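Working notes for the structure below.
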Amino acid sequence: AGISYCVSSLLPEELPALASALHLAHLPVASLLRPWLGQSFLRVLPLRAVTDFFLSCLLLGPDYTVYYCLALLTHLQPSFLQEGSGLLLSRLLSRPVRGFNPGAHLALMDRLRDTHRGQILPYLSSLA
């Protein structure tokens, strides 16, 4: 719940169009993130991207879980806005995500860390 809460709280600032589309469709971002995080992105992302997820969280800090989720949502935003969030949500929960390259989003994740680490890391630490 902590990761989903953090992503949900940053979404309006970082991805306002996606946040608005999800809000209008009455879809909490947690409905997408909980299953993905519950299976550690297995069967969601290619094995290389799952490995990158674990390595980034282990080597760069637990807050990178939040930034990784935001990077993935950044990748998916055009599809959400084009196809509509309800239809896309059911498809995303039943099929793997295609074309996501975490390395291409590392600069974004680093910018998110620089901007939000002061809030995210203490919050996540308080949950432990």
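Among the acidic types (Asp, Glu), part of a helix (DSSP H, G or I) and open to solvent by less than 70 Å² (accessible area, probe 1.4 Å) - does that describe any residue in segment 103-110? Break it down stepwise before answering.
Taking segment 103-110 and keeping what is among the acidic types (Asp, Glu), we get 110.
Pick out the ones that are also part of a helix (DSSP H, G or I) and you get 110.
Remaining after also requiring open to solvent by less than 70 Å² (accessible area, probe 1.4 Å): 110.
Checked segment 103-110: at least one residue is among the acidic types (Asp, Glu), part of a helix (DSSP H, G or I) and open to solvent by less than 70 Å² (accessible area, probe 1.4 Å).
One line per residue, one yes/no per condition, for (1) at pLDDT 85 or above; (2) open to solvent by 80 Å² or more (accessible area, probe 1.4 Å); (3) farther than 15 Å from Leu15 by Cβ; (4) not hydroxyl-bearing (Ser, Thr, Tyr):
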{"site": "Gly61", "(1), (2), (3), (4)": "yes, no, yes, yes"}
{"site": "Leu76", "(1), (2), (3), (4)": "yes, no, no, yes"}
{"site": "Leu87", "(1), (2), (3), (4)": "no, yes, yes, yes"}
{"site": "Arg95", "(1), (2), (3), (4)": "no, yes, yes, yes"}
Residue in segment 41-53 that is over 20 Å from Leu15 (Cβ atoms), free of Cβ contacts under 8 Å to residues at least 24 places away in the same chain and surrounded by 14 or more Cβ atoms within 10 Å (Cβ to Cβ) present: yes
Options Ser8, Ser56: the member that is touching a helix residue (DSSP H, G or I) at 6+ places or on another chain (Cβ under 8 Å), without any contact (Cβ under 8 Å) to a residue 24 or more places away in the chain and surrounded by 13 or more Cβ atoms within 10 Å (Cβ to Cβ): Ser8
Qualifying residue in segment 101-114 (condition: within 15 Å of the chain's Cα centre (by Cα) and farther than 29 Å from Ala128 by Cβ): yes
Conditions (1) more than 21 Å from Leu112 (Cα to Cα); (2) within 13 Å of the chain's Cα centre (by Cα); (3) among the aromatic types (Phe, Trp, Tyr): number failed by Phe80: (2)
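The values are calculated or read from the model by the stated rules, or taken from the named source; none is laboratory data. Nothing here was measured: the structure is a model prediction, and the numbers come from that model. Methodologically, a virtual Cβ is constructed for each residue, glycine included, from the backbone with ideal geometry; neighbour enumeration extends over all protein chains shown. With ligands, DNA and RNA removed, areas are computed over all heavy atoms of the protein, side chains included. Shrake-Rupley method; radii C 1.70, N 1.55, O 1.52, S 1.80 Å.
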